[in-house]
Amino acid sequence: MYTINSKSNKKKSITIREELINIDGFLMASKRKVFKINGAEIREIKVVDKKFANPLVYKKVYQKYKNLINFLTDLLVSDDDSGDSYREALNQIEKFRIEIKNKYRKYLKKNELEKMSKQLMTLKKEANNKIIELQNSYLEYQNQNNHRR
């Protein structure tokens with residue numbers, strides 16, 4: 001591995017991979033893209049400075065976030081009488097929340113997290129409301145059928 005010390009760009013050295021595995025940082029890995037540094041092929045770059053990692057992580061997370069919002073919007077506007085699409089929306093929101101919490105939270109700014117959280121909470125409330133509406137209409141339907149008998 002090749003390391004560059006951000007405090008002094010003159011300090012460059014090749015490091016054993018095992019030494020860097022345990023260092024906390026954002027891993028930029030690509031199967032397709034290979035960097036060549038001093039004749040060595042580099043496929044993985046670990047960014048340990050949060051200031052440098054933030055724009056990289058934000059770009060990656062925001063793309064996932066936009067895809068999730070589009071997916072959730074499609075699910076919530078669908079005509080689903082069973083409620084499966086609303087449950088799927090809730091599952092996807094929770095999955096995204098856990099992924100952000102475990103992988104990316106320490107590299108994102110508080111206001112970036114809050115902005116995404118607010119919109120996801122709104123969509124989560126909408127999905128919950130639709131599930132409750134479906135349950136209520138189902139119970140109402142059951143009560144009507146029981147009274148007819």
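Read-outs: derived from the displayed coordinates by stated rules, not from any lab. Quick caveat, the model's predicted, so the values are computed rather than measured. Quick reminder, even Gly has a Cβ in these numbers, built from the backbone with ideal geometry, and neighbours come from all protein chains shown.
With a sphere of radius 14 Å drawn around the Cβ of Asn136, what net charge do the other residues whose Cβ falls strictly inside it have (Lys, Arg +1; Asp, Glu -1)? All intermediate terms of the calculation are to be shown ahead of the outcome.
Values: positive: Lys130; negative: Asp81, Glu133, Glu140.
Once all neighbours under 14 Å are counted, the net charge is -2.
Summing -39500 (n - 2.57) over the DSSP H runs of n ≥ 4 in the chain and dividing by its residue number, what mean residue ellipticity at 222 nm do you reach, to the nearest 500 deg cm²/dmol? Before the final figure, lay out each step's value.
On the way: 4 runs with 88 residues, N = 149.
Helix-only estimate at 222 nm: -20500 deg cm²/dmol.
Whole-Å semi-axes of the range 99-146's equivalent ellipsoid, largest first, each the root of 5 times a Cα gyration tensor eigenvalue? Kindly include the intermediate steps, with their values, before the conclusion.
Working: eigenvalues 303, 20, 3 Å².
Each semi-axis is √(5λ); the values are 39, 10, 4 Å.
Which log10 I(q)/I(0) values does the range 25-104 give at q = 0.11, 0.20 Å⁻¹ under the Debye formula, counting every alpha carbon as one identical point scatterer?
-0.46, -0.94
Among Met116, Met28, Met121, rank each residue by its count of other Cβ atoms within 10 Å, from fewest to most, as a rough exposure measure.
Numbers: Met116 20, Met28 16, Met121 12.
Fewest-to-most Cβ neighbours within 10 Å comes out as Met121, Met28, Met116.
At q = 0.09, 0.20 Å⁻¹, what is the base-10 log of I(q)/I(0) for the chain according to the Debye formula with one equal point scatterer per Cα and no solvent? Please give it to two decimals.
Ignoring solvent entirely, the Cα scatterers give -0.48, -1.19.
Among the helices of the chain (complete DSSP H runs), which have Cα atoms covering no less than 18 Å along the helix axis and a Kyte-Doolittle mean of at least -0.5? Spell out each step's value before the answer.
On the way: long enough: 50-77 (39 Å, -0.13); 84-99 (22 Å, -1.16); 110-148 (56 Å, -1.50).
Both cut-offs are met by 50-77.
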